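To start, the structure under review is shown below, and the notes come after it.
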Amino acid sequence: MGTQGVNPAQQDGERAVFQCEVCGTRRVATAIRYDDLGYAVCPVCTYSHGP
Ligand SMILES: [Zn+2]
């Protein structure tokens, strides 16, 4: 339990789902933005999920 790691992209059925590790927001991965480095950016808290 609670050992899913830090990978923001999770497989939910056949759809990749982004889940923000900061605020817990979940979105379909194709519906979120990525920064210039290609890291997912949370649409709610704007946290960039870089390394
Ligand atoms: Zn967030």
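A few points about this structure:
- Under 5 Å between amide hydrogens, built in the peptide plane, is the criterion, and for ALA16 it picks out ALA29 among residues at least 5 positions away or on other chains.
- Across the range 34-45, computed HN-Hα scalar couplings (Karplus, 6.51 cos²θ - 1.76 cosθ + 1.60, θ = phi - 60°) run 10, 7, 4, 8, x, 8, 5, 10, 5, x, 9, 9 Hz from first to last residue, x flagging Gly and Pro.
Readers should treat all values here as calculations from the given coordinates under stated rules, not as data from a laboratory. Remember, predicted model here, so these are calculated numbers, not experimental data.
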